[in-house]
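J.: Below: one structure in structure tokens.
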Amino acid sequence: MYEERKEKFSFKSFFLTLLLVLLFIFLLLWIFPTRWDVNKLQSTLDLERLSTIYDEIFSNNVGRMKDAAIGYFTNERMPSKVGESKKLTLNEMYQLHLILELKDKDGKACDGEKSYVEMTKYDEEYRLKVNLSCGEQEDYIIVYLGCYDYCDGLCEKRADDKTTPSKPSDNKPSDNKPSDDKPSDNKPVDNKKYMYEYKLDGKDTTTCTEWSDWQKDSVKQSDLVKVETKTESEITGYDTIKVPVTKTVKEKRLVSEKYIKDYITEVVLVGTKEVKVGKTKQTVKEKVIVDYIEVATGEVGEGTTVPKDTDDVHYKNIVPHTRKACSYCEDETYYTWDVYKVEPVYDIVDVTNYVDVYKTINVYETREVPVYGVREVEKEVEVTKTEYEEKKVPKYGNVTYYRYKECEIKKGTPDYKWSESNKDSSLLSKGYKLTGNVKQV
């Protein structure tokens, strides 16, 4: 009985213990996330962070295109007619060096043709569209430019400016409300007309004296003093150096001398000579005259005597005839002849002859040949020595010279104009600015 109760008690305790352990493990897993959950959460955060970064890259690229377009579209490049648009692709902006290459989140270049900026003229404003296409991402923004009360000249409309832009109206009169040309001092809207004062600052004129002479004294440049400099190499001092000098002197020294100790009889080769050893038969080609021909020159001669033939010229077909030089003169005999040139006819023939044959032989003589020896003797000889002498040499350095001219600036006279509009584009384009003065007409 005791044993049975003991076994039942142990079995129940085991299950209770196991249940408590499982409950504890469940609580731990519920309170503390697993590593897989942490990694999943971290991946989600990383994707959100990357998405934000990618959006920033795209937005920055759009902003760069917008700033480059606003800088490019100056007054002379703006569309001049209402409704007219001017467009620049991203590739054209690259060619004009308006912007550096735009790349997407993967480092790939954005589409140069699909990406563009387009400026359109409205009645009193300009509409700028900036379209960017990078990979799978493509979007655009639209901003408005104009002459507003809160800026000088042309600028971008503020985000808090709720004025609705007037769309292009094909050069028809603007349908803006009359209040657009009223003072901006919160006066009640009425039918009164106002004039607005504009001011154009006069251009300052500068007159300067002639350039001064060059001088070493330093001159400081300012708005009223123009300065030019030049650098020249000049002698700034001297250094003392030792230079080698070569001199030739005579000294007595022991030198080796060659002398004749004796003579011996020897057969000496003194040269060579050509001696005739016979003749040899040889056949050579030679150009020889084999005939002569007469060639008519077409020349005809006439005279009382016929010239004599020569080796080169023959006179042929001689015809005699008589004539009188005058009515009372006797008959004279005259001759006419044709002139022929005699030319030889050549041929190449073999000509056989005999020529002498020579050979070269050595010529020897019996001579008394000296036998030489060497001995040491004292002689006065010329010796080259190097000595050093002090010499002053110049030192060169760069010296800066200055010249200047004094200038006087005369302030320009400002020009004032009144206009019925506080957004007079014709005056604003010329540089006029609102002074804030308003008068009622």
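J.: What is the residue count in region 397-428 for residues that are outside any strand (DSSP E or B) and either in the same structural domain as GLU76 (by TED's automatic domain parsing) or within 38 Å of the chain's Cα centre (by Cα) (or both)? Show your work before the answer.
T.: Going residue by residue through region 397-428, those that are outside any strand (DSSP E or B) are 411-414, 420-428.
Then keep just the ones that are either in the same structural domain as GLU76 (by TED's automatic domain parsing) or within 38 Å of the chain's Cα centre (by Cα) (or both); that gives none.
Number satisfying all stated conditions: 0.
J.: Taking GLY303, is it more than 30 Å from THR265 (Cα to Cα), among the small types (Gly, Ala, Ser) and surrounded by 10 or more Cβ atoms within 10 Å (Cβ to Cβ)? Please lay out each step first, then the result.
T.: On the way: more than 30 Å from THR265 (Cα to Cα): yes; among the small types (Gly, Ala, Ser): yes; surrounded by 10 or more Cβ atoms within 10 Å (Cβ to Cβ): yes.
Here the answer is yes, as GLY303 does meet what is asked.
J.: Specify the residue that is farthest from GLY153 (Cα to Cα); the eligible residues are those in region 410-441 that are of a type in the set (Val, Ile, Thr) and surrounded by 12 or more Cβ atoms within 10 Å (Cβ to Cβ).
T.: First pass over region 410-441, keeping only residues of a type in the set (Val, Ile, Thr): 413, 435, 438, 441.
Then drop every residue that is not surrounded by 12 or more Cβ atoms within 10 Å (Cβ to Cβ), which leaves 435, 438.
Numbers: THR435: 13, VAL438: 18 Å.
Selected residue: VAL438.
J.: Now a separate question. Does region 368-391 include one or more residues that are aliphatic (A, V, I, L, M), over 30 Å from GLU257 (Cα atoms) and either in the same structural domain as LYS258 (by TED's automatic domain parsing) or without any contact (Cβ under 8 Å) to a residue 60 or more places away in the chain (or both)?
T.: Let us first name the residues in region 368-391 that are aliphatic (A, V, I, L, M), namely 369, 371, 374, 377, 381, 383.
From the residues that got through so far, the ones that are over 30 Å from GLU257 (Cα atoms) too are none.
Scanning region 368-391, I find no residue that is aliphatic (A, V, I, L, M), over 30 Å from GLU257 (Cα atoms) and either in the same structural domain as LYS258 (by TED's automatic domain parsing) or without any contact (Cβ under 8 Å) to a residue 60 or more places away in the chain (or both), so the answer is no.
J.: Another question, if that's okay. Tell me the residue from TYR292, TYR358, TYR354 that is in the same structural domain as LEU269 (by TED's automatic domain parsing), free of Cβ contacts under 8 Å to residues at least 60 places away in the same chain and either surrounded by 10 or more Cβ atoms within 10 Å (Cβ to Cβ) or over 30 Å from VAL255 (Cα atoms) (or both), please. If you could, list the steps in order and put the result at the bottom.
T.: On the way: TYR358 fails: free of Cβ contacts under 8 Å to residues at least 60 places away in the same chain; TYR354 fails: free of Cβ contacts under 8 Å to residues at least 60 places away in the same chain.
Checking each option against the conditions leaves just TYR292.
J.: Another question about this same structure. Among the residues of region 281-293, is there at least one that is in a strand (DSSP E or B), over 28 Å from VAL349 (Cα atoms) and not hydrophobic (A, V, I, L, M, F, W, C)?
T.: Here is the first cut: in region 281-293, the ones in a strand (DSSP E or B) are 281-293.
Those still in the list that are over 28 Å from VAL349 (Cα atoms) too: none.
No, there is no match, as no residue in region 281-293 is in a strand (DSSP E or B), over 28 Å from VAL349 (Cα atoms) and not hydrophobic (A, V, I, L, M, F, W, C).
J.: Kindly evaluate GLU125 against the criterion of being assigned by TED's automatic domain parsing to the domain that holds PHE58 and under 29 Å from SER425 (Cβ atoms). Explain how you work it out, then say what you get.
T.: Working: assigned by TED's automatic domain parsing to the domain that holds PHE58: yes; under 29 Å from SER425 (Cβ atoms): yes.
Yes; evaluated as a whole, the condition is true for this residue.
J.: Right, another one. Exactly one of (1) exposed (fewer than 13 other Cβ atoms within 10 Å of the Cβ); (2) closer than 30 Å to TRP211 by Cβ is unmet by TYR401. Its number?
T.: Every condition holds for TYR401 apart from (1).
J.: Here is a further query. Residue under question is ASP347, and the condition is that it be assigned by TED's automatic domain parsing to the domain that holds LYS252, surrounded by 10 or more Cβ atoms within 10 Å (Cβ to Cβ) and outside any strand (DSSP E or B); does it hold? Even if it seems obvious, please write down each step before you answer.
T.: Numbers: assigned by TED's automatic domain parsing to the domain that holds LYS252: yes; surrounded by 10 or more Cβ atoms within 10 Å (Cβ to Cβ): yes; outside any strand (DSSP E or B): no.
No.
J.: Then there's this: Test of understanding: among TYR72, TYR126, TYR94, TYR140, which residue is surrounded by 19 or more Cβ atoms within 10 Å (Cβ to Cβ) and of a type in the set (Phe, Trp, Tyr)? Before you say what the answer is, go through the steps one by one.
T.: Working: TYR72 fails: surrounded by 19 or more Cβ atoms within 10 Å (Cβ to Cβ); TYR94 fails: surrounded by 19 or more Cβ atoms within 10 Å (Cβ to Cβ); TYR140 fails: surrounded by 19 or more Cβ atoms within 10 Å (Cβ to Cβ).
TYR126 is the lone residue from the list that is surrounded by 19 or more Cβ atoms within 10 Å (Cβ to Cβ) and of a type in the set (Phe, Trp, Tyr).
J.: From the set of residues in region 204-218 that are under 24 Å from GLY397 (Cα atoms) and not polar (S, T, N, Q), which is surrounded by the most Cβ atoms within 10 Å (Cβ to Cβ)?
T.: If we take residues in region 204-218 being under 24 Å from GLY397 (Cα atoms) and not polar (S, T, N, Q), then TRP214 is surrounded by the most Cβ atoms within 10 Å (Cβ to Cβ).
J.: Give me the residue from region 75-91 that is of a type in the set (Lys, Arg) and surrounded by fewer than 15 Cβ atoms within 10 Å (Cβ to Cβ) and, out of that set, farthest from CYS147 (Cα to Cα). Outline the logic, then answer.
T.: Narrowing region 75-91 to residues of a type in the set (Lys, Arg): 77, 81, 86-87.
Keeping just the survivors that are surrounded by fewer than 15 Cβ atoms within 10 Å (Cβ to Cβ) gives 77, 81, 87.
Details: ARG77: 17, LYS81: 17, LYS87: 22 Å.
In this case the residue turns out to be LYS87.
The values are calculated or read from the model by the stated rules, or taken from the named source; none is laboratory data. Predicted model, so just to flag it, every value in this text is computed and none were measured. Cβ sites come from the backbone with ideal geometry, for glycine too, and all protein chains shown count toward neighbours.
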